[in-house]
1. At a threshold of 8 angstrom on Cα-Cα distance, excluding pairs fewer than six apart, so keeping six or more, what relative contact order does the chain reach in percent?
2. Where nothing but the Cβ of Lys and Arg (+1) and of Asp and Glu (-1) is charged, how large is the charge dipole of the range 4-120 around its Cα centre, in debye to the nearest 20?
3. Over all directions, average the projected area of the Cα convex hull of the range 127-286 and note it in nm².
4. Just add up the charged neighbours of GLY179: K/R +1, D/E -1, any other residue whose Cβ is under 12 Å from the Cβ of GLY179.
5. Which order do GLU233, GLU183 fall in if you start with the one that has the fewest other Cβ atoms within 10 Å?
6. Apply the a/c threshold of 1.5 to the C-alpha gyration tensor of the range 7-64 and tell me whether it is rounded, prolate or oblate.
7. Mind checking which of MET100, GLY132, MET174 is farthest towards the positive end of the chain's charge dipole, using Cβ charges of +1 (Lys, Arg) and -1 (Asp, Glu) about the Cα centre?
8. Let me have the 222 nm mean residue ellipticity of the chain computed from DSSP H runs of 4+ only, each contributing -39500 (n - 2.57), with the sum over all residues rounded to the nearest 500.
Amino acid sequence: MDKFVININGKIHSENDAYISVLDRGFLYGDSVYEATRTFFKVPFRINEHLDRLFESAQKIYFDPKISKGEILKEIMKTINHSPFENQSIRIVLSRGVNMDLGLDPELTIKENLIIYSKELKPNPDWWLTKGVDLVFFQKLTSSKGSLAKTGDYVENMLAYHSAKKSGAYDAIMINNDGHITESTTSNIWIIKNGMIKTPPLSDGVLSGLTRQKLIEICHKKNLPIEEVSLTEPDFLSADECFITSTSRLIVPVTMINQKPVGNGKVGEMTMKLLMDYRNQIEKDLNRKIF
């Protein structure tokens, strides 16, 4: 069985026969936007919010897609239904398209490309919640600020991840040129200190993660103390608890940073309580038992 089901502009392919042009701007310049989500029982999770953010990212790079959100959703469902798995990882890539010639000018573009990937999403490893993961710091080279667009330009994230793996860590914590923590390579990041839940603000150059948004809403509804505030390395090294969030991983405890224990070095009680609250919210949104 093929690992992937891949939809290119409405046609279903396996990974062995899925191709796009070498003149596609996503390949040439990273001139594309994307979203990553998952399914529960073949239902794409918070898909409307993901499509809204896809188009918001496109707007940030002055890309006006000709395809509609409804047309993309139709192709997403086609892709999902071609897979035998109920729980799938879904990636939606929208490239500005194929160039008629080499050159940066978007006017050279002929037609945008929509590529949707689907593969089986296996359950998170149990040890994530019993042992927690370890992270290391990574100094970013770029100076992006504000709420980031989710584009195909992921070189710096790749370098951060490579640095983490070389040191034996699970992932990296990225730091902007002001010395402020931004996020992990594919996750938003949080700390808890003296009962206060803290996460970096979008203004520091952070992706507005949908799990991040929902968790902030949950905290406000439950009157939990939370703030979006600029954070530094010492804030993380002195935190009582730390965790990362993403659509596919939900909430994952962090128990080591730069080979030093976070708090007492164990999975935090408040982190696990937030995970339970977030799981309950997912089940409420989907109106069915998941976990």
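We did not get these values from a lab; they are worked out from the coordinates using the rules stated. Fair warning: this is a prediction, and the values are worked out from it, not measured in the lab. Don't worry about glycine lacking a Cβ; one is built from the backbone with ideal geometry, like all the others, and counts go over all protein chains shown.
1. Values: 568 pairs, mean separation 47.9, N = 291.
Dividing the mean separation by the residue count of the chain yields 16 percent.
2. Numbers: 15 positive and 17 negative charges, 78 e Å.
Rounded to the nearest 20 debye, it is 380 debye.
3. Numbers: hull surface 35.8 nm².
Approximately 8.9 nm², given one-decimal rounding.
4. For residues surrounding GLY179, the net value is -3.
5. Details: GLU233 15, GLU183 27.
In increasing order of surrounding Cβ atoms, one gets GLU233, GLU183.
6. It is oblate, given that a/c is not under 1.5 and a/b is not larger than b/c.
7. GLY132
8. Values: 8 runs with 83 residues, N = 291.
After summing the helix terms and dividing by the residues of the chain, the value is -8500 deg cm²/dmol.
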